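The values are calculated or read from the model by the stated rules, or taken from the named source; none is laboratory data. These numbers come from a predicted model, not from an experiment. Cβ atoms come from the backbone with ideal geometry, glycine included; neighbour counts cover every protein chain shown. Note: accessible area is taken over every heavy atom of the protein model, side chains too, but ligands, DNA and RNA are not part of it. Shrake-Rupley method; radii C 1.70, N 1.55, O 1.52, S 1.80 Å.
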Amino acid sequence: MSTGTGADSAPGHTSTTTRPASRNSMFSSLRIRNYRLFATGQVVSNTGTWMQRIAQDWLVLSLTGSASAVGITIALQFLPMLMFGLYGGVLADRLPKRPLLLATQGAMGLTGVALAALTLAGHVQVWHVYLAAFVLGLVTVLDNPARQTFVPEMVGKDQLANAVSLNSANFQSARLVGPAIAGVLITAVGSGWAFLLNGLSFAAPIAALLMMRTRELHPVERQPRGKGQLREGLRYVAGRPELIWPIVLVGFIGTFGFNFPIWLSAFVGTVFHGDAGTYGLFNTLIAAGSLAGALLAARRGHSRLRVLVAAAVLFGGLLVVTAFAPAYWLFAVLLVPIGMFGLTVNVTANSSVQMATDPEMRGRVMALFMMVFTGGTPLGAPLVGWITDTYGARVGMAAGGAVSLTAALAIAVVLSRVGNLRVSLSRHGVTFVPTTDRTLVKAA
């Protein structure tokens, strides 16, 4: 995908330890010391985050017996992103990323410790979990765009696509371990210990941020406080088809296709009659596929619209097929490619949007990306939870897959016929070319 004018970021002092590695290396960005520290800290806290997610969902299900209640918890966690996400992007463009991340990571750790104290003391109620989820969502409003836009400051332009893919691989690696640990802890000693370990895990990214060499960062000029910066960001995205259509697509996928806590908890409880260990296994299988997708994206090293749309079509179609899998083992096996194609959608859209965005606009654009991707959950999760409770787990999962599949097919048509793009065939493959003759967006 064409990087346009948004690819460049001004590099700061770079020592020999941060020299760009080969672009063909799957782990090339890990040769950069600051990013290596960041990735190490994140894998620890991400493992704790996945432990808390599993424990939180299972605790709510245990307290209420309702998939809708799980949906409400998820909705409350992402509601702040829908309400305030764009303002978080404005602040991320104004404020220094490293101190901002130190504050947000510390606040997230305190949230986990507070929920652990209530649970271990035996006083936890479902509204406590709702409140903790909402507070965590408020912190995420700042943390998400700050983390997204701090990556190019650590690795520079040449390693950005690789680092974005490895971030996802990092997250999915933790997703392999976290649910398994959570399943054991919940069964053996209860959810409270999972919450406590998550809170303590944030010490790792805080330590990593403090150990970074600031002179080796690639600083981006911060935006001064001014009027109209939010509207400026929206106009910027609206005028660029290479940004708007990937964002629209991930909005549909995030709202209707990424409701796994609702579906999997319902399948475990009402279809396969399993326990917390079964729930953890299902999440681990999705994570295994997601990790494979992230590593393939890191190896690929570029982002193309054709890959994005194809992955979205396969993701939606697999959700529908898996919803009606007649056997436990077949359902479990199909979760792996679902994870792989779902992650491919996320990584490809994320890296293509970042590469096509000017550095001074990146905070606002990525905040919009995350707001659309996760902010639709407060709308989609309760609806999907209601469908799942009313018509069963299979219908709920199939409905989410059908919406995702329809959106992917519709946006494929829009990209080629309506969205100011025309299809161009050449010996290099298929390309989507804006009719304004401004930016070339590769699709093959």
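What accessible area per residue, rounded to a whole number of Å², is obtained for region 253-350 using a probe radius of 1.4 Å? Write out the running numbers ahead of the final one.
On the way: 3120 Å² over 98 residues.
Ligands and nucleic acids excluded, the result is 32 Å² per residue.
Please go through region 285-356 and write out the chymotrypsin sites (Phe, Trp or Tyr not before Pro) that DSSP classes as loop and that have at most 16 other C-beta atoms within 10 Å.
In loop regions of region 285-356 (DSSP not H, G, I, E or B), the sparsely surrounded chymotrypsin sites (Phe, Trp or Tyr not before Pro) are 324.
Taking 0.36 nm per intervening residue step and subtracting the Cα-Cα distance, what contour gain separates residue 234 from residue 103 on full extension?
Value of the extension gain: 44.5 nm.
Once the piece of chain linking residue 121 and residue 62 is laid out straight, how much longer is it, given 0.36 nm per residue of separation minus the C-alpha distance between them?
Between residue 121 and residue 62, full extension yields an extra 19.6 nm.
For the pair residue 328 and residue 273, how long in nm is the line joining their label points, each one 7 Å along Cα→Cβ?
It works out to 1.0 nm between the two label points.
What is the set of long-range amide H partners of residue 157 at a cut-off below 5 Å, with H atoms built 1.01 Å from backbone N?
Amide H to amide H, under 5 Å and 5 or more residues apart or across chains, residue 157 pairs with 9.
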